[in-house]
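The values are calculated or read from the model by the stated rules, or taken from the named source; none is laboratory data. The model shown is predicted, which means the values in this text are computed figures rather than measured ones. Note that we place each Cβ from the backbone using ideal geometry, even for glycine, and neighbour counts take in every protein chain shown. Surface accessibility is based on the protein's heavy atoms, side chains included, excluding ligands, DNA and RNA. Shrake-Rupley method; radii C 1.70, N 1.55, O 1.52, S 1.80 Å.
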Amino acid sequence: MFSIGDFAQYGRVSARMLRHYDAIGLLCPARTDPVTGYRYYEAAQLARLNRIIALKDLGFSLQQVGAILAEEVSVPELRGMLRLRRAELEATLTAAGERLAQVEARLRSIESEGHMSADDVVVKPTGTVLLAELSGIAASYGPEDIGPVIQPLYAELCARLEAAGVTPAAPGLAYYEAAAGDYEAAAGDDGGVAVAAGAPAATGNEPGAGAVVVHAGLTVSAEALARAGARCGVTGAPATGTPTATGLGFDVVALPGLECAATVVHRGPMSRILPTAQNLAHWIDANGYRSAGYARELYLECPPDQEKWVTEIQEPVVRAAPDTP
């Protein structure tokens, strides 16, 4: 037998905790000396101690732990509980990390207000691009809502392109539009747009009007689509901006270029795009322009390390009307 001190050492707990477990009947010593009151434990009791600590770390109260142990929970059942709790903790950590990233982005915005040089922004037209795409709905245009939608879309799009034997021809490009109140899935069986009924209504393509349609696109060639057996006629297709089903599990769109875009390069993960976007907004306002819609994101470099990402933000702009008295 082990003294309470030795048993505590082997179990990696405190003697005070063992005394508490004894007091509430959760783990009683194998023997208590009637004269000295010293507690003694057997090695076999380590198994019960391990279960107590594991269940407590899973978030159960000591009362719940006692009830579970009374039902003689098996090792496979305990492992199942552990896996479930681990998934919950990982989700909590991920959510906390995302919140911290957003707080950091807001802080960077505050620190960098008005620091964007005129040399950082280039006003230019952009060309028409042929995109293979999947789309979905985000609750808002904020990075905290866009990220969880666009990342799975790109993962799925890459998988479907690979399955169809279509290799992207150029960097990816994401674009956005306001979601209507009852936005229907486009193109039916080709991935379309996954929406929740009753999304906030919006007018035209006005940014900030509520939910947005997220289009995750990868540049492809008409020839590659034709070789893969795409059922839509994409060769020489007009740049209508309307996604069309290919029959390959994704849509294709000839996305018209922007006549005038204020562009800036963002370096780092998209979760920290806020300072770049807001500095671009300051530049647009200070230089006599106004926004003409949602910005596009051209992903120039996307290595596994997101700190090394390079993204061009393309904000459609028009000249602002002169102020009237």
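So in the stretch 222-232, with the set limited to residues that are assigned to a loop (DSSP other than H, G, I, E, B) and either of a type in the set (Gly, Ala, Ser) or open to solvent by 50 Å² or more (accessible area, probe 1.4 Å) (or both), which one is modelled with the lowest pLDDT? Here the answer is Arg231. Filtering the stretch 205-221 for residues that are part of a helix (DSSP H, G or I) and either modelled with pLDDT under 90 or open to solvent by 20 Å² or more (accessible area, probe 1.4 Å) (or both) leaves an empty set. Of all the listed residues (Arg296, Arg267), the sole one being in contact with a strand residue (DSSP E or B) (Cβ under 7 Å, 6 or more places away or on another chain) and surrounded by fewer than 18 Cβ atoms within 10 Å (Cβ to Cβ) is Arg267.
Using the structure shown, decide if Asp323 is open to solvent by 30 Å² or more (accessible area, probe 1.4 Å), at pLDDT below 90 and assigned to a loop (DSSP other than H, G, I, E, B). Yes. If you filter the stretch 280-293 down to residues that are open to solvent by less than 20 Å² (accessible area, probe 1.4 Å) and in a helix (DSSP H, G or I), you find that the one that is modelled with the lowest pLDDT is Leu280. Would the stretch 233-249 turn up any residue that is at pLDDT 90 or above, assigned to a loop (DSSP other than H, G, I, E, B), farther than 18 Å from Tyr176 by Cα and open to solvent by 20 Å² or more (accessible area, probe 1.4 Å)? The answer is yes, given that some residue of the stretch 233-249 is at pLDDT 90 or above, assigned to a loop (DSSP other than H, G, I, E, B), farther than 18 Å from Tyr176 by Cα and open to solvent by 20 Å² or more (accessible area, probe 1.4 Å). Filtered by the rule that a residue be within 23 Å of Glu72 (Cβ to Cβ) and without any contact (Cβ under 8 Å) to a residue 40 or more places away in the chain, the stretch 32-48 gives Ala44, Gln45, Leu46, Ala47, Arg48. Residues of the stretch 126-145 include at least one that is under 30 Å from Ala261 (Cβ atoms), at pLDDT 80 or above and open to solvent by 90 Å² or more (accessible area, probe 1.4 Å).
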